[in-house]
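Throughout, read-outs are computed from the coordinates displayed, never taken from laboratory work. Bear in mind that the values here come from a model prediction, so they are computed numbers and not experimental data. Quick reminder, even Gly has a Cβ in these numbers, built from the backbone with ideal geometry, and neighbours come from all protein chains shown.
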Amino acid sequence: MADPRVNGRAAAEVDAVVVGAGPAGSAAAWALARAGKSVVLLERGPFPGSKNLYGGVVYGRILDEIVPRWWEEVPVQRWVVRRSTMVMTATQALTVDFRTQAWGRPPYNGMTVYRADFDRWLAGKAVEAGATLVTSTVATGLLRDEAGRIAGVRTDRPDGDLRARIVIACDGVNSFLAKEARLLPRTSPEHLTLGVKEVLALPREVIDERFGLRGDEGLDIEILGCTGDIPGGGFLYTNGDTVSVGVVLSLAHLGKAGKRPEEVLAGLKAHPAIAPYLRGATLKEYGAHLIPEGGYNHMPALYTDGMLVAGDAAGMCLAAGIWLEGVNFAIGSGLAAGRAAAKALDAGDLSASGLSVYQRELEKGFVLANHKRLRGAPDLVLSERVQRRYPGLVADLVEGMFTVTDPKPKPGLLALLKRAARRNDVKLRHLLADGLRGGRVFR
Amino acid sequence: MILRRRRGAATIDAPAAPAAATAPARSGTPERWGEVSFEDRMATVGFRVSERAHIVVDSDVCRSCTTRECVTACPANLFAPTADGGILFNYEQCFECGTCYQICNREGAITWTYPDGGHGVIFRHG
C-alpha cells in the first residue's frame, strides 16, 4: 500500500487492528465493525481457536449483546444443567451437586464447547459485521510513529507492516504486545497457573447414563484437593461424546514440586471418585495452556497511547474458587475495548486519556465490577490451608457425621469438628479467621 | 550453543488415531483409564511443524542452572538434561503455552517467540 504522509506521519491503512481472534479479539472486532470502523482481525493460527484451550464452561449471557438467540446457532457440546463442587483427599470425596432444568432451556446459562468450533463461530460474527479476518499471521511487534506513539503492528508476512490508528491486543496470556508496550512484566509465574487437559472419548449414551444426563444436558464438576503439594484444582465436564478432565497447577510451585503435570492429572483420573466415570475411555486429545489467575490486584494497565489490552492478555480470567470463568470475561472486555476504541476514533483522541473510557466502561459493567469485588479470592483459594488442610478437615468431619458408632452414642458435631481440625493440623482460630476472610472476600 | 533433537515425522497435520485404552484395573490396584505412553499421548495432538525453531535454548546458560524446572514442568516434556550438564530441547511438539520461559530462572536461557503464522500446535478440541 502507498504511504501517503498526513501531517508528517504515515496514514493508517485501517482504523483498528485487533490482534488475536479468540473470544476477546472477535468481540472487539465485532464492536468496531458494527460502529462502522475498518478493522483487521489477526490470528496466528490457521483458524480461530486452533491455539486455544480452556477448562470448562462458556457462560453465554454476554453473547446476548452480539447475537440475539445465539443458542439456536452456537456450536454447543452440552448445556450445563448440573454443577458439582467436589472436595477430595486421597481416599475421600464430598460432592455438592446442584441441578436445575432452567439451565437446559433458552436463554440457557452455560455450555461446554470445543474451542476450535466456538472461537471460529464467534470470529465469523465479526466477519459478518464487516471485520477482515487474516489468519496464519503473527503480529511480531508494534509499529510506532515519529512521536513514539503506537501506530499499528508488524507481522510475519512479507511486506507485513499494518498501520492502524489503534491497536487492540487480545493476544493471549503471553501477550508479547502488552510486554513490548511495558504493560505486562516479562514473566510472572506467581500469578499464572498451568492447565493440562485430556479429552477422552466415551459413547454418548454411556455419558448420559454415567452422569445422569439426557439429550444435550451436561455436567461440570470443579474439584479441590486433587493436586497434592501443588496449589491448584481440577475439573471434569461432559461434551457430546467425550469428557474433558484436567488439572490447574500453580506455576510458581509446579517446577519445584518435581512432579510432571500429566502425572498430577493421572492421579486425579485414578481417584476412586473419578476413575469409574472414565471406565473404558480412550484419549482423543491432550493439551495445555497457561491461565492468568492473579485477578484485579495483578492486572496490567489496560491502555496506553494508541493501544488497549483485553482478554487473557489483560488477565481477565476470574479464578475465584466458587466462580471459575474466562471466556465470558474475554468477550465482555473485548466488547468494551471495541466500543471504547470506536468512541475514541470518533473523538479523534487516541491518547491514553482518550482511551481511559475503556477502564470506566469495564468498571461499570460486570468485568471489573466482579474482579474488583472478588479481588481477594485468588490468594485465598490458593492459600495453604484452603488447598492442603481444609479438604481433609471437611471430609473427616462428614465421615465422622455419617459413620455410625453403635453401640456408642453419636459424637456431637462440635466434637467432630475439633477432632477433624486436630487430625488436619488446623487451629480453630485459623478456621474462624479464614471463615471471616472468606465472608469478606465473597460478601 | 543450540541443541535440539528431532523426533517423529517432520510435519503432522492429521494426528494419529486415538490411543487405545489401557487394560482394566486388577482388583487392589487403582483403576486407570486412557493412560498411554508419552509418545502416544503426544500423537493425539495436531502439529504443523515450522522449519524455524520458535524456542531457542542457550545450553551454556543452562549448565549453571541447578533447579532445571523446565524439565519437569513442560507439559509436552520437551526439555531433557544432557550428560554434560546442558539441556536438550525439541520445539516441534510444543503447545506454545509459555511455561518454560515463565519459570526459567536464568535470564536469557530461553528465547521464546510464537512459531511462524499458521504453524505449530493445532488443537482440534481445545
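Some observations on this one:
- For region A:1-143, the dipole from Cβ point charges (+1 on Lys and Arg, -1 on Asp and Glu) about the Cα centre works out to 320 debye, to the nearest 20.
- Selection of GluC sites (Glu not before Pro), region A:13-100, meeting DSSP coil and at most 13 other Cβ within 10 Å: A:E73
- Antiparallel bridge percentage (DSSP; both residues within the protein assembly as shown; nearest 5): 75 percent
- In this entry, region A:1-141 is assigned a mean projected area of 12.2 nm², taken as a quarter of its C-alpha convex hull surface.
- Net charge dipole size for region A:78-162 [Lys, Arg +1 and Asp, Glu -1 on Cβ; Debye, nearest 20]: 580 debye
- As a rough footprinting exposure proxy, the listed residues A:T95, A:T155 were ranked by other beta carbons within 10 Å of their own, and the order from fewest upward is A:T95, A:T155.
- Distance between the modelled labels on A:D145 and A:E209, one decimal in nanometres: 6.7 nm (7 Å Cα→Cβ projection).
- Note on A:A102 and B:T29: their simple-model spin labels are 4.8 nm apart, each label 7 Å out from Cα toward Cβ.
- Each of A:K179, A:K364, A:K269, A:K408 was scored by other Cβ atoms within 10 Å of its Cβ. Listed from fewest to most, they are A:K408, A:K364, A:K179, A:K269.
- For A:K427, A:K284, A:K256, order by how many other beta-carbon atoms lie within 10 Å, fewest first: A:K427, A:K256, A:K284
- Of the GluC sites (Glu not before Pro) found in region B:32-100, the ones in coil according to DSSP and having at most 15 other Cβ atoms within 10 Å of their Cβ are B:E51.
- Note on chain A: with a GNM built from Cα contacts shorter than 10 Å, the maximum mean-square fluctuation among A:P231, A:P158, A:P185 falls on A:P158.
- Ellipticity estimate at 222 nm from DSSP helix runs (n ≥ 4, -39,500 (n - 2.57)) divided over the protein assembly as shown, nearest 500: -8000 deg cm²/dmol
- Among A:G280, A:G294, A:G311, the largest mean-square fluctuation in a Gaussian network model of chain A, built with springs joining Cα atoms closer than 10 Å, belongs to A:G280.
- Extension gain, A:T95 to A:K372, is 96.8 nm, computed as 0.36 nm per intervening residue step minus the present C-alpha separation.
- Rounded, prolate or oblate (a/c below 1.5 giving rounded, otherwise prolate when a/b exceeds b/c) for region A:136-261 by Cα gyration tensor: oblate
- Cα gyration tensor shape for the protein assembly as shown, rounded if a/c is under 1.5, else prolate or oblate: prolate
- Cα gyration tensor shape of region A:198-340, rounded if a/c is under 1.5, else prolate or oblate by comparing a/b with b/c: oblate
- When chain A is treated as a GNM with alpha-carbon contacts under 10 Å, the residue of A:I291, A:I168, A:I274 showing the greatest mean-square fluctuation is A:I274.
- Stretch gain in nm, segment A:A347-A:K364, where the contour uses 0.36 nm per residue and the Cα spacing is subtracted: 4.0 nm
- Length gained on full extension, A:E399 to A:D425, computed as 0.36 nm times the residue gap minus the Cα-Cα distance: 7.7 nm.
- Among complete DSSP H helices in chain A, those whose alpha-carbon atoms stretch at least 27 Å along the helix's long axis and whose mean Kyte-Doolittle hydropathy reaches -0.5 are A:327-347.
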